[in-house]
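Notes for the one structure printed next.
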Amino acid sequence: MARLGEMLVKGGICTGALVDEALEAQVIYGGRIGTNLLEIGAVKEEQLAQALSAQLGAPALWGDIGVSDDALALVRGDLAERLGIVPLRLEGKKLVVLTADPRDLRRLDELAFATGKDVKAVVVVESRLSEQLTRHYGMRRVERGVQVQPFRATARPHQEGPQVGGPDLMDEADFAALYDRASSTPVPGQAPTLTPPPLPGGRPAVTPPDAFRGALVTNDQVLAALQQEAEREADRGSIAVRLTPVSAEAPPLSFDEAAQALAGVSDRDAIARIVLRCALSRCRRALLLTVRGHRADGWEAMGEGLSPQTAAMVRVSLDHPGVFQTVARSRSHFLGPLQKTEANVRFLRALGGGAPKTSFAMPILARGRVVNVLYADDGRGRVLDSSGVGELLILATRISQSYDVLLSRAR
């Protein structure tokens, strides 16, 4: 199967330089290559959706997509989120769904088993899928959508020295009052709503779905053909395949084990698991955030009371004073009590509330820029043992080297 970037370059939609920029962003920040191309403005959603249709041999939709209530009622929110699908329409015993990856037959088969329907997939771009999940199920996907500014080389941020002290922690009454105020106002940097591109005028002739393979089509063609196919085809039985259960959280890693694992790392998610498991050998809970533009977003979390879902809810503005602004600007680590800033309070609230007596945060660099921050503590009211901080700082250097290796492989 042809690579998406190569297809877009060959079709004259974007340049090879923009594809390289998107690949670099993908290695560092995650997401699909198409999402990163959207973020840097290399393609439009309609162009990307049509290219995905040609690449994956499936019909595609884009823009403001309407879904039917009877289809939504058939799929629970937790199932839709886990499988990465949004039901589009119900046609007898056939359920048409939106997905970013129509090739993942195991997920489609599980949905067929859960609903008792024959499932047909329509491809949408990753960010549109996230928008649909949020709109209809109130969910924020862990995967990235088009939310932040593109990764570009810029001048080094203003340098500030790390804050190693600060006022005493708030008492419970102060924290409660600030929590109430923080929860009543929106978090800065919230993702904008996608603006649908205008659809082509007129209604093209209906084309059977098989003709969509490798073709660039319009929304009207897709919807009309789906309706035509639904009226023409007989109902078929469903095939069910159950997914393998997710394994339990992996045990902590020593520094030597983590360093060895980083030497053979295969992707950015492996980096996250390694650094968090190493941090858990020194603390009760750890969170890794992705820094991009003026925001730090939760990536992965492990430890006491934390989960990937917890991480997905963390959004920190770097325009306001707090531990993450300090670490990102100074490019130095932080160890001590958190100061009484609203950004810090919002962060602790996202972790479940309560303040540790000491916290640790360190920057992780790639290509000379802070791209991640590791945060660790021992939980509410506890003092973090600082004896392992030095090894974590050394590990940050090894992580930077792993990013360089992944970037070289992506070219």
In order through segment 78-92: 3J(HN,Hα) via Karplus (6.51 cos²θ - 1.76 cosθ + 1.60), integer Hz, x for Gly, Pro: 5, 6, 4, 5, 5, 7, x, 9, 10, x, 9, 7, 10, 10, x
Rg and Dmax of segment 316-411, Cα atoms only, in Å: 14.5, 47
Relative contact order, percent, segment 268-401 [alpha-carbon distance under 8 Å, six or more residues apart]: 24
Segment 70-123 - percent relative contact order, Cα under 8 Å, separation 6 or more: 33
Selection of trypsin sites (Lys or Arg not before Pro), segment 282-373, meeting DSSP coil and at most 15 other Cβ within 10 Å: ARG367
For segment 274-411, size of Cβ-based charge dipole, Lys and Arg +1, Asp and Glu -1, in debye: 240
Hz values of 3J(HN,Hα) by residue in segment 340-355 - Karplus curve (6.51, -1.76, 1.60), Gly and Pro given as x: 7, 10, 5, 4, 5, 5, 4, 4, 4, 4, 5, 7, x, x, x, 10
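Every number in this text was worked out from the coordinates using simple rules, so none of it is lab data. Just so it is clear, the structure is predicted and the values come from calculations on it, not from any experiment. Please note: Cβ atoms are built from the backbone with ideal geometry, for glycine as well, and neighbour counts cover all protein chains shown.
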